[in-house]
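Bear in mind that the values in this text are calculations on the coordinates, not laboratory data. If you're wondering where the values come from, they're calculated on a predicted model, not measured in any experiment. Cβ coordinates were reconstructed from backbone atoms using ideal geometry, including for glycine residues, and neighbour counts include every protein chain displayed.
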Amino acid sequence: MFRRESKPQNRIDSLIGATTRIEGNLFFSGGLRVDGTVRGNVAALPDQPGTLVLSEQGRIDGEVQAAHVVINGTINGPVHASETLELQAGCRVKGDVHYKSIEIVKGAVVEGRLVHQAAEAKPAGLKLAS
């Protein structure tokens, strides 16, 4: 009857500090903030709402997948936000961006396609006999 959408994570469960560099794929649940550098794919665990926040100093060289994504740093690779995507003023994305709902602040740069993912099809309602 009602669509169930996950809400953005309000707290940060994991932090990658500004002086930290990770080589390899990274999987997370809950909230993840990246202030450092990740060279590899970053993805929320399947079937769990995840929020990724990339700070202005943060950088990800790889694919990003999460329900909620807030970008204020640099991503070299495609971004897949199954729910909401926020592109802040310091955002620099080189790759296609897939989203359900998007917010773009003046100054954000995307070198790629913006691809809207339509909401799931709603079941047809009951029709009354005439």
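Between Asp47 and Lys106, what FRET efficiency follows from the Cβ-Cβ distance if R0 is 41 Å, with the result rounded to 0.05? Taking R0 as 41 Å, the efficiency between Asp47 and Lys106 is 0.70. The residues packed around Gly95, meaning those with a beta-carbon under 15 Å from its beta-carbon, carry a net charge of +1 if Lys and Arg are +1 and Asp and Glu are -1.
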